[in-house]
Every structure is written in structure tokens, then in C-alpha cells.
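The values are calculated or read from the model by the stated rules, or taken from the named source; none is laboratory data. On a predicted model such as this, the values are computed, not experimentally measured, just so you know. Glycine gets a Cβ as well: all are built from the backbone with ideal geometry, and neighbour counts include every protein chain shown. Remember, those area values only see protein heavy atoms, side chains included, never the ligands or the DNA or RNA. Shrake-Rupley method; radii C 1.70, N 1.55, O 1.52, S 1.80 Å.
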Amino acid sequence: MKTLFLTLLTVLTMHYITKAQLVAEDASGESSILLNASSISFNLSEAALSANWNNFRKLAVEKPHQMLWGIAARGSNSEGLSELFNGGQFTPQSRIGAFIALRRNYQNSTFELLKRIRDIQASEDFPNEAAINTVRQLNDQIKSMRSQQPSKALTSYISAGLNTDNFRRYTEENSGSLGGRFSKVSFRGAFVSAGLNYEYGRRWTFGLSAGYERYNNLDSLSARDYKLSNTTVIGNSQLSTETTYHAYAGEYIAYNRINFKTDALYFAKVSDDYRLVWNTLFTRVYLPLSENRINRLVQAGTAVNFYKSEGKFAGGLYAQSDDLFNNLHSSDRFHERISFGFVAKYAFSSIMSRDFPK
Amino acid sequence: MRTITPENNGTGKPPGMTVPVTYKLKKSPFVSLLDNGFSMGYVNIDLAADQDADPNSFSTKPGKSYSCLLQDQGLQVTLYAEGKAGDFWTLELEIDGKAAPLNPIRVETDAQGHLDFNQLIRAL
């Protein structure tokens, strides 16, 4: 794991230097990177910096088989601005991951005929009447074949990575002094997941993934700013100092969990300028392993996202049940466990996305 | 420019002439062009070499052109691609130094998720 970490760090640092302008774009959470980093399941609702390096540009030309790979990293913190690396250290919350994928397109006969056409056109005695007629016939054959066959492609992938959370925790136990109540916590997590994406015709893309991760409950702790004042009195002089701690209070748990995710995307044209991608039903299932204090969690929802036809994300709406079966006992009423909202960015977390230009 | 007619070649060469052709092809992000799937005037276009810095744009590199067969009826252009609803590609051609009257050719995704094109394009 240490070797993997060092390798990723080296590769990423190199990339960070060469693509510094890319990294700097993202102070407001605005970046095309996030969409194709979706396989690494970043939380997109918070401001963050991210860097990303992949070979998605090869997808512009479809081959029967293609190998895809990518590295993505993201740093964030509660102040909304961050640097991925700060003096060689990960910032308070950061995540780095890599994936490798194999894509297969099911238009085998078309690919074979196209190769034959290429070979005929490249032959020495070309062009001649007979060869041109053959090319015409082959094109007719491709046309009649393709009119019966919707496009189909299957992408299988594995992604893995590391994440860190560095923060202060406020506890009232075991502390001799007030200052001792703020302990530093360095969480080091890791994740691995495998997934499948199936594209069918012009309308549908289905995705599913299963993963294993080391996680913590930082999201459910309450964050506060604490001011600790110290006063020293000597004779008739008084010296006051003040230290501010941004700390999290509550029961902190680091645990292992399994996750399952599914997405079903429906593509439609809205107008010449806009298209929509509707994630008709997405589900997320989180199962903690040998940790009774953490509940199972099932989320489901639907989301409509609009894009400018050239690919730029234009906004979206979502409705999601954050706790479908009330495992958290937050409310007995189903409608109270549903959240609605607008999204400025959306990742289809079990789908490998194409490269969207900014 | 080389003129080939059945009368003067005597080897079954098709009527027409070889002309320099340049192009600019733009596509929306989900479009995939099929490997070996782009030909103009019976010349296979090297998409991998012609891809621009923007992965969704392809063009003849500066100073280069493809020597294509221009027949009496026009330039045979074939392009096979796949994509999602709402996807499209556009193609602009310069045949023998002049922009083709049909510029830009625009094709959208059909019911099967294809964006195929196989037509003769007239030159000016």
C-alpha cells in the first residue's frame, strides 16, 4: 500500500506541476474534471480543488477494444478553498485515486468491413473502377447491417485509492487541561471498487459498482469554533492569550464498509442548444462491517441534468431519499427523509463519463 | 492536378481527378468516430493523427492535405460514428482550395445511436 501511495503521489505531483492552471480553476468548484472523475465518487457539493489525468481523448475514436486509465485527486476543507498539497502534505481532506478500464464495442462486423475498405483504398492500383465498386458495395452492406443494430458498448473498470482527513476533535474525557481536550486526528482511508457500464443505443447507459472502503463518520460530527483564553497574572500585570480551535465534537468512529451503487442514465435532446441526461433511478447502499454503532444506509433518487449540446454542464435538479428504509431513525415520515435541490455539478458515481470540455 | 478519364488512362481508372482536400470535423463529447470509419474521395482519413488539442475536434494539419478522388458527381464522403440522443458532428470541407457549397455538413444521432453519413459532396 505504501508503494502504491508513493507511486500515485509521484505521478500526481508531476501532473500537478504541468497542469497547475487546471488545478487553479476550481476554487468555486467549477471544473470539467469532476465529471470524468466520477468513478472515484467525489463529493461534489463542496468547494474543492481537483486534478485529473486520463486517456479519455482516445474515446473519440472507437475501436473494438480499448484500454482506459486515469488518475484523479481532490483536496478540500471546510473553508471552501484548499490546496491539494500544502508543503508536501495532504490538506485536511483529500482523496487520490486511479482507475483502469477495458471498453468493448459490439460492432465487430462493421469494424471488419471498415478495415477491408481501408485496405482496398490503400492498395497500389487504387483507384480503379472495380475497386471503387467494391468499396461502394461494402458501404451499402455496412448501412443495411447498422440499420438493424443499435450501438452497444460495455466498459468494465477497477478503481482504487486513498483518502485522508486531518482534523481536531473535541473531547471532554481524559484531559488534564482545557487545551488537552483538542486532540489531533489523522484518518487514513482507502477504497477499492469494481464496476460495469453498459451503453445501449442512443438513450441508455447503465452503471453498477461494488466497493470496499475504510471510512469514518466525520460527516456526522458537529463542527464548532472554540476560543481558549489563557490569562497569566504576575503582580499587577495581566497577560491574555487566545487560541481558536476548529474542532469536531461527537462520537468518532473509523470503520470498514461495503458499498453498492447503480445508475441508469436516459439521454434526450431538448433543443438544438440543450440536451438532458436523466439519472432515472440511482441507488447507493452502504453496509458497515463488524461495527454495530454505524447503521446500514440505503439511498435512492432521481436527477435531471441539463447540458449545452457541446457538452458544458448547465445545471440540474435532484430528489433523493437520504435514508430509504429509515435505518437512521431520523424521521418516521418518508417525505421528511427526502431531499430536493439544484445541482451545479453532478457525478454519476457508477458511470465512467466522457471528457466534457469546460 | 491529375486528370483521369476512361479515355486517357486505359486501365479501368474511374472518371475524375485527384484534388487536395482539407477538412475540419467537430463533434459533441459523447460521439465516437469508428476506427477506419472516415473516408473522403476514397482516401482513409487518419483520425488519430488529425485529433486536435480539443479531443472533440479533428482537422487536417497546417500545410497538409489529402489527395482525394473528385468524381464528376462530387466527392464521396463516408463517416461512421456512434453517440447519444442530442449528439451531433459537423464537417467543413475545402475541395481544391475552395469551401464546399454544402458546408457545414451536420449529422445528428439516429434512432439506433448512429451518426452515419455516405454521400457525394459537390465541389464549387
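Brief remarks follow.
- For B:C68, distant residues with modelled amide H under 5 Å away: B:V19, B:V21
- Phi-based couplings in Hz for the stretch B:63-79 (Karplus 6.51, -1.76, 1.60; Gly and Pro marked x): x, 10, 7, 9, 8, 10, 7, 9, 8, 4, 7, x, 9, 6, 10, 10, 8
- Efficiency of FRET from Cβ geometry, A:R293 and A:L228, R₀ 35 Å, rounded to 0.05: 0.75
- Of the chymotrypsin sites (Phe, Trp or Tyr not before Pro) in the stretch B:30-118, not one is in a loop by DSSP (not H, G, I, E or B) with at most 16 other beta carbons within 10 Å.
- Values of log10 I(q)/I(0), in the order q = 0.26, 0.27, 0.35 Å⁻¹, for the stretch A:108-148 under a Debye, Cα-only, solvent-free model: -0.85, -0.89, -1.18
- Pairs of alpha carbons in chain B whose separation is greater than 19 Å (percent): 48
- Solvent-accessible area buried by A and B, counting both chains, probe 1.4 angstrom, square angstrom: 4000
- Checking every one of the GluC sites (Glu not before Pro) in the stretch A:233-340 against DSSP loop status and a limit of 13 other Cβ atoms within 10 Å picks out A:E251.
- The stretch A:128-177 versus the stretch B:47-124: alpha-carbon centroid distance in Å: 25
- The stretch A:131-289 - percent relative contact order, Cα under 8 Å, separation 6 or more: 20
- The value of relative contact order for the stretch B:17-121, using C-alpha pairs under 8 Å at least six residues apart, is 35 percent.
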